[in-house]
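Each remark here refers to the structure printed beneath this line.
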Amino acid sequence: MDYQSTIGAELELHLIDANGFLVPEGAKLALNDPRTRRENGSYWLVYEGTHAQIEVNSDPALTIDQLHHDLERKLQTVEEICLEKGMFPVTASEYGAGRGVINENAHRNAIYRKILGERKANMLPTPIGTHTHIAQAPDDERKLYQIRLLKGVEPLSPALTSTSPIRYDGRNSLNNHRINLHRYNVFSEFPFHAQLQDYPESLGVINERNVQLVEIWQRVAAREGITPTEFLKEFQPHNTGYAPIRKRDYFGPTGTWEVRSADATPLYHLSDNSALIKGINDYAMSRHIPVIVAEQDGFYEFTPNRFVVPNHRTGLAMEQAYIDKGLETHPKYGDLMVDFLRTILPYAEEGLPSEDKPYLAPAWEMANTQMNPSSQLIHELHKKRKFRRHQYTPKMSAHANLIAREMYVAGLNN
């Protein structure tokens, strides 16, 4: 085997009080604690878009087992810090039980308000996510196969991890509000910056697209009185927009692909999703398996000799299916998502070392139950008749946060 990827994760968390309401400026109480400082002086616990959010950064790992135990240790430390301050971390987006105070120290926020407008910029940080970094393959041919594969299986990340069945305003009609809010509300005027794009024909096309993302926004920023120096200090080709997958050439010795579609999710599910990404990636890259894009809508095929990934139109259908229903049967697309998961899982498992295979257990379970975290959360809420409505009050949303907190703790201790 001439290739084994490294993998890492960034996990965003919200901070709630004992009654399930957001602590609007809780991050100020949690950050800069010496327990979160690395030997090199950097901190693995950092600020995010609002003062009700924090982000935990893993170290690079060769195995899912290493990644899991690194994050487990760090999340236990976050538990200690937060409990000392009367706060509780949770992997849940804003559900309508309070709002986080926008973090003005994140200078991007001021530019977002100019480009997106005040209302959309305030919506932008309300859902939280998990970003998974996986090492780029060692040569350009495999890098192109790799981005095809990662884009092809990208719909499974939100389908497996969704924890956003409730929006910042209490609306709860979808399985995944985060993807829908970001791609089709916040970035509705800039679809190129967030919505799914067709497969790139070459690595050069990716680089060209990334430059275009900067150029488009720089022109808008200039009309709003933002100087090129101010803009380019915050936005570069590798970090502009909310693309589902970013090409991060300067992360680590190999560069990474940053898969950004997963929701913030309990550790149990984060490790599961990471195992699926790493397993299918390492299976294909270590065996030099060609990855091609299907010509026919609805078609995909995975064999030991080649991977045929769903085409762009099928990817859009998958996106709508998991936004609406997660892994559950969709009224239009049927079992499109769970059938795809069942196809991928054997290859992902085969691509993992023995100590990592057990981390796919939640995915195998969801392949049978079709119940992702959002489905489980709503199912728990619907046990009480008053929660069977599409708009929650702040008090109801706070109760949802408390259930999400129970799921978070169970995922940490599993």
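The values are calculated or read from the model by the stated rules, or taken from the named source; none is laboratory data. What you are looking at is a predicted structure, and each value in this text was computed from that prediction instead of being measured. Using ideal geometry, Cβ is built from the backbone for each residue, glycine included, and neighbour counts are taken over all protein chains shown.
Of the residues in the stretch 189-224, how many are out of contact with any Lys or Arg (no Cβ under 8 Å at 6 or more places or on another chain) and either acidic (Asp, Glu) or not in a helix (DSSP H, G or I) (or both)? The qualifying residues number 7.
If you check Ile166, Ile81, Ile134 for being assigned to a helix (DSSP H, G or I), among the β-branched types (Val, Ile, Thr) and at pLDDT 95 or above, only one passes: Ile81.
Ser354 passes every criterion in (1) of a type outside the set (Phe, Trp, Tyr); (2) surrounded by fewer than 22 Cβ atoms within 10 Å (Cβ to Cβ); (3) in contact with a Ser or Thr (Cβ under 8 Å, 6 or more places away or on another chain); (4) not in a helix (DSSP H, G or I) apart from (3). Does Thr50 count as out of contact with any strand residue (DSSP E or B) (no Cβ under 6 Å at 6 or more places or on another chain), buried (at least 21 other Cβ atoms within 10 Å of the Cβ) and within 19 Å of Ile166 (Cα to Cα)? Here the answer is no, as Thr50 does not meet what is asked. For Val211, the stated conditions do not hold, so it cannot be described as more than 22 Å from the chain's Cα centre (by Cα), surrounded by fewer than 21 Cβ atoms within 10 Å (Cβ to Cβ), among the hydrophobic types (A, V, I, L, M, F, W, C) and closer than 26 Å to Met318 by Cβ.
Once the stretch 1-54 is narrowed to residues that are under 15 Å from Ala264 (Cβ atoms) and of a type in the set (Val, Ile, Thr), the residue that is nearest to the chain's Cα centre (by Cα) is Ile54.
For every residue, the table says whether it meets (1) touching a Pro at 6+ places or on another chain (Cβ under 8 Å); (2) among the β-branched types (Val, Ile, Thr).
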{"position": "Ile134", "(1), (2)": "no, yes"}
{"position": "Gly152", "(1), (2)": "yes, no"}
{"position": "Pro165", "(1), (2)": "no, no"}
{"position": "Phe190", "(1), (2)": "no, no"}
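Within the stretch 294-342, the set of residues being touching a residue at least 40 places away in the same chain (Cβ under 8 Å), over 22 Å from the mean Cα position of the chain (by Cα) and surrounded by 14 or more Cβ atoms within 10 Å (Cβ to Cβ) comprises Tyr300, Phe302, Phe307.
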